[in-house]
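Engineer: Next up is a structure, given as structure tokens.
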């Protein structure tokens, strides 16, 4: 059988942790920042986890992660 390919967009956006959960970057922090409050921009820093209902799709896109 041929190897399964990893989706290139998924490998750039997600990392799989040792326990199997998936981490992702925060959205809404790229542009049009002038109308957003300082509090909302501060809370968008860092990384967060992917919701449990979406992890199966991520694992399907990244079969060897």
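Engineer: P(r) of the chain in 10 Å steps, Cα pairs, percent per bin?
Structural biologist: 19, 41, 26, 12, 2, 0
Engineer: Grab the DSSP H runs of the chain that are 4 residues or longer, score each as -39,500 (n - 2.57), total them, divide by all residues and round the 222 nm result to the nearest 500 deg cm²/dmol.
Structural biologist: Calculated at 222 nm, the ellipticity per residue is -7000 deg cm²/dmol.
Engineer: Quickly rank 10-22, 29-41 as a protection proxy: mean count of other C-beta atoms within 10 Å, highest first.
Structural biologist: 10-22, 29-41
Engineer: A follow-up question, please. Suppose the chain between residue 39 and residue 21 were pulled fully straight at 0.36 nm per residue; how much longer would it get relative to their current alpha carbon spacing?
Structural biologist: 3.7 nm
Rule-based calculations on the coordinates, nothing more; no lab input. From a predicted model like this one, the values you see are computed outputs, not experimental measurements. Cβ coordinates were reconstructed from backbone atoms using ideal geometry, including for glycine residues, and neighbour counts include every protein chain displayed.
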